Amino acid sequence: MSSTMPEPTQAEILACTVSRDVQNFDLLIEDMETALGESWGDLGFSEALAFFNQPEAKHMEFIALAIDEDDEDDLPLMAEIIAAAKRRDISVILIAEDVTPTALHSLLRGGADEFVPYPLPEGELAQAIERIREPDPVPQAAADSGPQLKAGAQKDGAVIVVHGLAGGTGATTVAVNLAWELATLGKNNHPSVCLIDLDLQYGSVSTFLDLPRREVVYEMLSDTEGMDEEIFGQALLTYEDRLQVLTAPAEMLPLDLVTAEDVQRVLEMARNQFDYVVIDMPSTLVQWSETVLTNAHIYFAMLELDMRSAQNALRFKRALQSEELPVEKLRYAMNRAPKFTDLSGKGRVKRMAESLDISIDLLLPDGGKPITQANDHGQPLAVSAAKSPLRKELAKLAASIHTLKDDEAAAA
């Protein structure tokens, strides 16, 4: 018989508070003790990321990420903590005091499962814990199944590309809303539209439509040789039963992760299945940019009335010409264009076009604050700001593209 006394077993750590100083959230301490007894711990921001990799974290159910207004400067770190927790299937309850709506929205969009304001309402933390412990009422297989695509379909869809020549020129806003306007054309027989986000690092199509980023996108892109209609369909997400979306991958990936052949296979699959394929491109030119340009029917190059856009447009044009690529497909579109009554601004646009030896074919008005609000809320302009002048112009553009496609089909 052994004379060694057994060590007392420690309670498994089921949850942790993560904060700059948990003593600033004394009510949270009380509620955690009530809900979990001794089965919880406390971590600082810098400690959390390392702890997730420790054996003690294997039974973790959730973290309570507690922040206040002084933590808003560290939002990237908060987002990193949330992302690391989600990768390990650890739920996140966000406890926030005096935090701006923008910061709160960003963290919820980043993957936080629940939000509870601080000071904590009576019993609210316990209810949040109960909700994250409940199984998802929607089967995950059904949520991730994507649309049912037809094998052997040959729609020969039109490829419309939007490429921002400088940061903030509104390329993603135009791509998302143009795709939505195309998808909602007509009363009954709506065109089928696929929106593809090829900005593998900073793509925000998923944000603008409030859609999740999923690992299945990376899996599909990393093996396009084995891709068929079923695999491609599973990588798509459906927005409001009208628009099919291929978001950017969940993680930030190198732009050369995919090859020109990979992109060609994806475009061929999408063109066979949909009437329109709208592509949001990264501003950077990569090895497969030529593939997209070659496949494009219309290639919108977005710019603004400023020097950086003018310089980038000139460099972009020269780069394509040096490779003898079809620059005639380019349609320069100016976002935040001067108003009709701004004669001085219209003169500047004309001089800019002449100096660059280009034609600016599309002038899009400045939609102002409603555009940012629509994007932050994850809704197309047609839903959140239907009377926006930008939305009206994009609706006209979608109608003209559809009419042109119908005319070409009739002529053929």
Problem - Only Lys, Arg (+1) and Asp, Glu (-1) charged, at Cβ; the chain dipole about Cα centre in debye - result: 2800 debye
Completion exercise
Dividing the helical contributions, -39500 (n - 2.57) per DSSP H run of n ≥ 4, by the residues of the chain yields a 222 nm value, nearest 500 deg cm²/dmol, of -12500 deg cm²/dmol
Handout entry: Surrounding net charge for P249, when Lys and Arg each add one and Asp and Glu each subtract one, Cβ distance under 12 Å
Key = -3
Practice task
Place +1 on the Cβ of every Lys and Arg and -1 on the Cβ of every Asp and Glu in the chain, take the dipole about the Cα centre, and give the residue among A126, T247, T173 whose Cα lies farthest towards its positive end.
Solution key: T173
Problem - Relative contact order (%) - the chain, alpha-carbon pairs under 8 angstrom, separation at least six - result: 15 percent
Handout entry: Equivalent ellipsoid semi-axes - Cα gyration tensor, segment 208-278, angstrom
Key = 18, 16, 11
Practice task
Please identify the longest segment of the chain free of exposed chymotrypsin sites (Phe, Trp or Tyr not before Pro), where exposed means a DSSP state other than H, G, I, E or B and no more than 16 other Cβ atoms within 10 Å.
Solution key: 1-201
Handout entry: Label selected from (i) 140; (ii) 206; (iii) 116, the criterion being volume of the Cα convex hull per residue in Å³ as computed here
Key = (ii)
Practice task
Working from Cα positions, state the angle (0 to 90°, nearest 10) between the long axis of helix 389-411 and the longest principal axis of the chain.
Solution key: 60 degrees
Exercise for the section: Quick one: work out the % antiparallel among DSSP beta bridges in the chain, nearest 5. Expected result: 5 percent
Exercise for the section: Provide the net charge surrounding D199, with neighbours chosen by a C-beta distance below 13 Å and charges set as Lys +1, Arg +1, Asp -1, Glu -1. Expected result: -1
Handout entry: Ranked V327, V277, V245, V383, criterion: other C-beta atoms within 10 Å, fewest first
Key = V383, V327, V245, V277
Completion exercise
One finds the C-alpha centres of segment 388-408 and segment 33-102 to be spaced, in Å, by 46 Å
Practice task
Beyond 16 Å, what share of the Cα-Cα pairs of segment 362-406 is found? Please give it as a whole percent.
Solution key: 39 percent
Fill in the blank from the handout: With segment 15-134 reduced to its Cα atoms and the Debye formula applied, log10 I(q)/I(0) at q = 0.18, 0.20 1/Å amounts to -0.88, -1.12
Completion exercise
The pairs in K317/K387; K350/K392; K317/K392; K150/K387 lying past 26 Å Cα-Cα in this model are K317/K387; K317/K392; K150/K387
Problem - Nearby aspartates and glutamates by direct alpha-carbon distance to K396 (threshold 13 angstrom, same-chain neighbours under 8 apart not counted) - result: E181
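Bear in mind these aren't lab numbers, they're just calculated from the coordinates by the rules spelled out. Note that this is a predicted model, so its numbers are computed, not measured. As a convention, Cβ positions derive from the backbone with ideal geometry for all residues, glycine included, and neighbour counts pool all protein chains shown.
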